[in-house]
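A quick write-up on the structure given underneath.
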Amino acid sequence: MSNEPGFDTLAIHAGAQPDPATGARITPIYQTASFVFDDVDHAAALFGLQAFGNIYTRITNPTTAVLEERVAALEGGTAALAVASGHAAQLIVMHALMQPGDEFIASRKLYGGSINQFGQSFKSFDWHVKWAEGTAASDFEAQITPKTKAIFIESLANPGGVVMDINGIAEVARKHHVPLIVDNTMATPYLCRPIEHGADIVVESLTKFLAGHGNSMGGIIVDGGTFDWGKDNRYPVLTQPRPEYNDIVLAETFGNFAFAIACRVLGLRDLGPAISPFNAFQIITGIETLALRMQRHCDNALKVAEYLEGHDKVEWVSYAGLQSDEHNKLQKQYMPKGAGGVFTFGVKGGYEAGVSLVSNVQIFSHLANIGDTRSLVIHPASTTHRQLDDDQQKAAGAGADVIRVSIGIEDADDLIADLAQALKQL
Ligand SMILES: *Cc1c(COP(=O)(O)O)cnc(C)c1O
């Protein structure tokens, strides 16, 4: 092929070919823990990082390798590393960047689980998050110190549908020579490719829209190949000789995919959250229909959001796809094909109304997840955010009246009818 294949073609073909041993057209599930060496020299080369190949499924697996190559192609990165979950991806990225006492800057507009991971668990590694007070690039620059090692944002922030100014924040990151990490879970590469806007590293929960069917956990780290690790000695994992690998310096040996290698041969090797080949297989299959599903998620979400915006029992709707939404302009700039499948709205009647709505829906499933083919609903104040007081809930975007939906790919009319009957009971 003379031209670079398009997104939909890459989603089906990137990284895969018929199995050389059997001709199987679909990538096999290589359900094995280990791989036999050709001979002793081959084993030594693999262990010394002088040759690429499979040793043990914690570190590489041929099924998982197809998933990695495919997502790297879709995101426009140089290489990727798949792991057990989105949170595992975030842990491994930070493990490669942070030394004890270091800081990173993060948006407050993040998935609740990431706020916990950064604010609480990372503290025990002596890694310290500094929260940007707003979403403007200047809010991030204001938190920079000599200890800052990274900036972390979501392209489309969960759950409120905040679209971030990736170009502007990337400029701050470049100026201070720290990598910009973008969690692209909610947008997916179908709607937005953060590396094209200046991101250096993309992380994603594959559990959500990429797997797409609510059936498998996974996470991925994509190396943009854009960051110059060797420019100073602030990232010793990449710039200091590794004694266990014949003293090679990862940034010198692996160039523009050194970050992905560091995450694999140090973080994944030692921390251990490997994805199962079975889950990798499920996610590869899911990705083949990403473009079709994602467009339908967006189209359905817009129809449902427009319906709710006009409903007299709904106080407000926060969806960047709505003309009236404060993020509509940035959405058109960064993700013109749509604003994703997840949004929040407020019901009149507060806590009681919220509980009633999630109890009375029939097609929507009441659960904690997003990015499934089926429509999902949750009332954060009575579930994920129940331990917080009123003020804390409001600050987290989880006030008593807030309902979060992840709109599936069913018939939009059926989803609207389901919400209509549940709202009628309030
Ligand atoms: C779910 C989610 C995560 C965490 O991913 P897991 O696969 O559940 O570990 C991270 N970021 C966002 C935006 C998410 O929605």
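The values are calculated or read from the model by the stated rules, or taken from the named source; none is laboratory data. Values in this document were obtained by computation on a predicted structure and should not be read as measured data. Every residue, glycine as well, gets a Cβ built from its backbone with ideal geometry; the counts of neighbours run over all protein chains shown. Quick note on the areas: whole protein, heavy atoms, side chains included, nothing else; ligands and nucleic acids left out. Shrake-Rupley method; radii C 1.70, N 1.55, O 1.52, S 1.80 Å.
Worth a mention:
- Summed over the residues of the range 276-360 and divided among them, the accessible surface reaches 43 Å² per residue at a probe radius of 1.4 Å.
- For Glu315 and Asn167, a Förster radius of 45 Å and the Cβ-Cβ distance give a FRET efficiency of 0.85, rounded to the nearest 0.05.
- Mean separation of Cα contacts under 8 Å (6+ apart) over length of the chain, as relative contact order %: 16
- Here the range 60-82 and the range 345-369 have alpha carbon centers that stand 38 Å from each other.
- Whole-percent carbon and sulfur share, accessible surface of the chain, 1.4 Å: 52
- With a Förster radius of 51 Å applied to the beta-carbon distance between Asn215 and Glu133, the computed FRET efficiency rounds to 0.85.
- Solvent-accessible ranking of Val40, Val83, largest area first, probe 1.4 Å: Val40, Val83
- Cα-Cα pairs of the range 290-424 separated by more than 19 Å (percent): 47
- Stokes-Einstein diffusion of the chain at 37 °C, 0.692 mPa s viscosity, Kirkwood radius from Cα pairs, rounded to a whole number: 147 µm²/s.
- When trypsin sites (Lys or Arg not before Pro) are flagged only if DSSP places them in a loop and at most 12 other Cβ atoms lie within 10 Å, the longest unflagged stretch of the chain comes out as 26-385.
- Nitroxide proxy distance, nm - points 7 Å out along Cα→Cβ at Asn116 and Ser359: 2.5
- Annotation: Leu266 carries an accessible surface of approximately 10 Å², with a 1.4 Å probe and no ligand, DNA or RNA atoms counted.
- Filter on Lys332/Lys424; Lys208/Lys303; Lys208/Lys332; Lys348/Lys394; Lys147/Lys175; Lys149/Lys329 - keep pairs with C-alpha separation over 25 Å: Lys332/Lys424; Lys149/Lys329
- FRET efficiency estimate (nearest 0.05) - Cβ-Cβ, Asp228 to Thr22, R0 51 angstrom: 0.75
- Residue-averaged [θ]222 nm for the chain, counting only DSSP H segments that reach four residues, each worth -39500 (n - 2.57): -10000 deg cm²/dmol
- Computed over neighbours whose Cβ is under 9 Å from that of Met164, the net charge equals -1, Lys and Arg +1, Asp and Glu -1.
- Dividing the alpha-carbon radius of gyration of the range 181-306 by the rule-of-thumb value 2.2 N^0.38 Å gives 1.27.
- For the range 33-286, fraction of C-alpha pairs farther apart than 27 Å, in %: 32
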